[in-house]
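S.K.: I have a structure here, written as structure tokens, and I will follow up with some questions on it.
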Amino acid sequence: MAEADPHTHTCPDCPNRTGETSERRSFVSWLLSGGVAASLGSFFFPVIRFLNPPHVTEAAVNEIAAGKASQIKPNSGRIVKFGNKPALLVRATETEWRAFSAVCTHLNCTVQYQESSSQIWCACHNGVYDLNGRVVSGPPPKPLEEYAVKLRGDEVVISKRA
Ligand code: FES
């Protein structure tokens, strides 16, 4: 009597056994290859989207409402969003307002108003600007871009200069 080889799935009495095993193998192989393809896709899709982002045009922002004048005390500053960039609104005195791009002209850090010195300071490399946006000290190569400020009732409005 011939003994069946335990490593093969052929069965002399079962003619369909080889076909079933082959079907099972191809199904498992199909599952594995699908998983590999899904893994590769989930890895490469974000990489490709990052390298080739969809073209989105941003609406140009020329004016924003920066807050209520009654809620901003003299000798203070606040960062507000101007489009997709930060802007610095400074209330120097009761009646004197200033606004600038808050993007430092050195390496694009965000500047801030320093109440103690009444100047604009960039913490990244100790750049200092005056309240006209001019460079006082430090590495910034040029002045801050200045914006116009006007009051509409109690609303402080910042706009790009023409
Ligand atoms: S980024 Fe502002 S001083 Fe360098």
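S.K.: I'd like the FRET efficiency for VAL28 and ASN84, computed as 1/(1 + (r/R0)^6) with the beta carbon distance as r and R0 of 45 Å, rounded to 0.05.
M.R.: With a Förster radius of 45 Å, E is 0.35.
S.K.: Which lysines have a Cα less than 28 Å from the Cα of LYS142, not counting those fewer than 8 places away in the same chain?
M.R.: Output for LYS142: LYS81, LYS85, LYS150, LYS160.
S.K.: To continue, here is another question. Skipping prolines and chain starts, which residues have an amide H placed within reach, meaning under 5 Å, of the one on GLN119, given they are 5 or more residues away or on another chain?
M.R.: Counting only residues 5 or more places away or on other chains, the set is GLN114.
S.K.: Let me ask something else. With labels modelled as points extended 7 Å from the Cα through the Cβ direction, what inter-label distance (nm, one decimal) is found for GLN119 paired with PHE45?
M.R.: Spacing of the two 7 Å Cα→Cβ label points: 5.3 nm.
S.K.: Related question: Using every pair of alpha-carbon atoms in the chain, split the distances into 5 Å bins beginning at 0 and state the percent of pairs per bin, rounded to integers.
M.R.: 2, 8, 12, 12, 10, 7, 5, 4, 4, 4, 3, 3, 3, 3, 3, 4, 4, 4, 3, 1, 0, 0
S.K.: Round to the nearest 10 and give me the degree value, 0 to 90, for the angle of helix 17-51's Cα axis relative to the longest principal axis of the chain.
M.R.: With both axes taken from Cα atoms, the answer is about 10 degrees.
S.K.: Round to the nearest 0.05 the FRET efficiency obtained for VAL56 and ARG161 when R0 = 22 Å and r is the Cβ-Cβ distance.
M.R.: For R0 = 22 Å, the calculated efficiency reads 0.25.
S.K.: Related question: Calculate for the chain the 222 nm mean residue ellipticity that helices alone would give, adding -39,500 (n - 2.57) per DSSP H run of length 4 or more and normalising by residue count, nearest 500 deg cm²/dmol.
M.R.: Here the helix-only value at 222 nm equals -8000 deg cm²/dmol.
Every number here is computed from the coordinates shown, using simple stated rules; none is lab data. Please read all numbers here as calculations on a predicted model, not as lab measurements. Please note: Cβ atoms are built from the backbone with ideal geometry, for glycine as well, and neighbour counts cover all protein chains shown.
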